[in-house]
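Only the coordinates and a few stated rules stand behind these numbers; no lab work does. Predicted model, so just to flag it, every value in this text is computed and none were measured. Cβ placement follows ideal geometry from the backbone for every residue including glycine, while neighbour counts extend to all protein chains displayed.
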Amino acid sequence: MIKKVLIANRGEIAVRILRTLRKMNISSVVIYSDADRNALHVLLSDSAYYIGPPESSKSYLNMEKIIDIALKSGADAIHPGYGFLSENPEFAKKVNQAGLIFIGPTPESMQLAGDKITSKEIAKKSNVPILPSSPKINSYEDAKRYAKEIGYPIIIKASKGGGGKGMRIVFSEDELLEKYEIAVKEAESSFGDGSVYFEKYISKPKHIEVQIVADKFGNVIALGERECSIQRRHQKIIEESPSPSIDDKTREKIIESAINFAKAINYLNVGTIEFILDENKNFYFLEMNTRLQVEHPITEWRYNIDLVEIQIKIANGENISYLSNLKPNGHCIEARIYAEDPLNNFAPSFGKIEFLIEPSGPYVRLDSGIYSGYEVPMYYDPMISKLIVYGITREEAINRIINALNEYKIFGIKTNIDYLIEILKSEEFRSGTYTTKFTDEFNYNQKLPSKEILSIIPSIKTKKNFQIKSKATYWKLKANSWEI
């Protein structure tokens with residue numbers, strides 16, 4: 001049985017995993033770089049080990065050093081979280097070879113699902129709908145031929161890719177050469193593999209994904225679907241469950257397809273199978289993420305479960321067939337909070353968090369990696385927290401998350417909080433008609449007062465009011481609204 005776990009990650013996901021370990025009476029080990037010496041996951045852990053310089057390649061991606069720390073610390077297992085090494089089959093294999101448990105899928109199933117072309121071939125053999133696509137493109141001559149066969153518009157994708165890297169949309173042969181060469185170079189620099197393939201491009205798709213859990217006893221269970229169509233630069237920013245875009249018949253078919261794919265690769269542990277939905281409600285296999293998803297909390301709340309706990313139970317060899325009896329309830333929405341400036345082309349905003357007010361209340365959950373006084377480093381993904389709410393109805397959930405976001409005050413850095421509020425208030429979101437193209441067409445030019453605070457010195461003025469003094473301006477908190 002697992003008694004001690006090293007978390008090979010950082011930030012809010014490391015904190016989230018820590019809390020489940022504590023609930024299960026399992027000791028925690030975390031790692032930290034120079035940039036994360038004062039990070040929240042370090043402060044909350046049972047033990048913390050220095051891993052290296054701020055650069056990911058020298059710290060959180062250093063397989064050998066992570067495994068060495070796990071062995072020296074007496075850990076039984078490694079949880080990779082998401083990002084970094086979470087979907088690296090070589091890392092999973094090395095963990096197993098070191099006599100440790102990898103809390104995730106087998107290296108073999110990870111390898112099958114991780115290659116976009118191989119996974120599509122498996123999907124096709126498993127009667128899972130796929131978009132017209134090409135094999136790996138080896139030359140520009142191949143590119144022209146397959147683009148013509150599929151028919152424009154097409155989308156170029158990196159075979160080993162993810163997160164929008166190595167991805168380009170091509171509308172005609174006139175722009176094919178330039179975008180093909182750019183995609184190959186970007187894939188090479190991002191994933192160490194420049195191979196790409198083509199796929200038919202759906203102009204206004206929706207993004208639907210299915211949560212899968214599978215154990216060593218052959219139980220493969222789907223825990224509903226999530227809609228993740230609100231994206232910016234191919235990165236999800238708002239997710240909800242259930243999807244407002246599909247009926248029960250379509251839901252049943254998508255879930256059946258997801259289970260078929262997971263069985264075809266002998267999947268183990270927790271994973272997510274993603275689909276795109278066209279304007280005629282036809283769905284197509286997109287990819288499988290062989291890890292815990294960022295948006296897993298909305299599934300947890302609807303099913304009243306802890307997916308990290310389930311991951312650990314599966315890694316311990318337990319039978320999870322009881323999950324097939326669970327029924328979902330209500331509606332959940334998650335919003336990702338990024339340290340970035342929406343009014344400056346979403347440029348990353350790093351620095352010290354001078355003052356922080358976090359939302360709370362019934363059916364409000366905040367998964368966070370920050371605190372007042374924390375220095376947001378410039379070296380990693382700018383997502384700093386996730387706000388999740390539950391409602392009996394979708395309308396209740398939307399209103400609740402807007403109210404919670406209005407309570408969320410972060411001074412010292414820029415965030416996308418106001419941007420998220422405007423999206424959630426939009427008619428497209430309210431009606432559920434939004435697509436993955438929503439943010440491309442969304443006109444956000446809200447003029448906000450400057451909130452650059454160089455130093456904050458709270459001082460109590462009365463029992464009801466207090467003032468925050470800075471070199472730039474004075475802010476007063478009255479009846480939950482900020483005034484200059």
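Here are some notes:
- CD proxy at 222 nm, helix term only [per DSSP H run n ≥ 4: -39500 (n - 2.57); per residue of the chain; nearest 500]: -9000 deg cm²/dmol
- Rg in Å to one decimal, and Dmax rounded to a whole Å, for segment 146-251 via C-alpha atoms: 16.9, 53
- Sites GLU396 and ARG145 - FRET efficiency at Förster radius 56 Å, r taken between beta-carbons, to 0.05: 0.60
- About the Cα centre, charge dipole magnitude for segment 4-103 (Lys/Arg +1, Asp/Glu -1 at Cβ), debye: 280 debye
- Förster-model FRET efficiency, 51 Å R0, LYS249 and MET1, C-beta, rounded to 0.05: 0.75
- With the gyration tensor restricted to C-alpha atoms of segment 330-448, the semi-axes of the equivalent ellipsoid amount to 24, 19, 11 Å, longest first.
- For q = 0.14, 0.18, 0.20, 0.26 Å⁻¹, Debye-computed log10 I/I(0) when each Cα of segment 226-314 counts as one equal scatterer: -0.54, -0.93, -1.15, -1.61
- The distance between label points at ASN266 and TYR152 comes to 4.5 nm (points 7 Å beyond Cα on the Cα→Cβ vector).
- For the chain, a simple Cβ point-charge model (Lys and Arg +1, Asp and Glu -1, everything else neutral) yields a dipole of about 1180 debye relative to the Cα centre.
- Pairs of Lys residues in segment 330-448 are counted when their Cα atoms are under 20 angstrom apart and they lie 8 or more places apart or on different chains; the count is 11.
- Within segment 121-160, backbone nitrogen closer than 14 Å to the virtual label 7 Å beyond the Cα of HIS234 toward Cβ: 154-160
- Cross-link partners of LYS72 among aspartates and glutamates (Cα-Cα below 19 Å; sequence separation of 8 or more within a chain): ASP46, GLU64
- Proximal lysine pairs, segment 132-200, alpha carbons under 20 Å, eight or more residues apart or interchain: 26
- Hull shadow area, averaged, segment 132-200 [alpha-carbon convex hull, nm²]: 3.8 nm²
- At R0 = 60 Å, FRET efficiency that the Cβ-Cβ distance of ASN282 and ASP34 yields, to 0.05: 0.75
- Size descriptor for segment 266-401, Kirkwood hydrodynamic radius: 17.7 Å (Cα pairs only, one decimal).
- Between segment 194-208 and segment 271-316, the Cα center-to-center distance that results, in Å: 20 Å
- Label zone of LYS216 (point 7 Å out along Cα→Cβ, amide N under 16 Å): in segment 245-281 this covers 266-270.
- Spatially, segment 318-348 and segment 1-77 are offset by 23 Å when compared through their Cα centroids.
- Among 424-431, 203-210, 284-291, 48-55, the peptide with the highest mean count of other Cβ atoms within 10 Å heads the list, and the full ranking is 284-291, 203-210, 48-55, 424-431.
- Annotation: Cα Rg of the chain relative to the compact-globule expectation 2.2 N^0.38 Å equals 0.99.
- Stretching SER57 away from GLU90 to a fully extended chain increases their span by 10.4 nm, per 0.36 nm per residue minus the current alpha-carbon distance.
- Here the gap between SER324 and GLU178, fully extended at 0.36 nm per residue and compared with their Cα-Cα distance, gives a gain of 47.6 nm.
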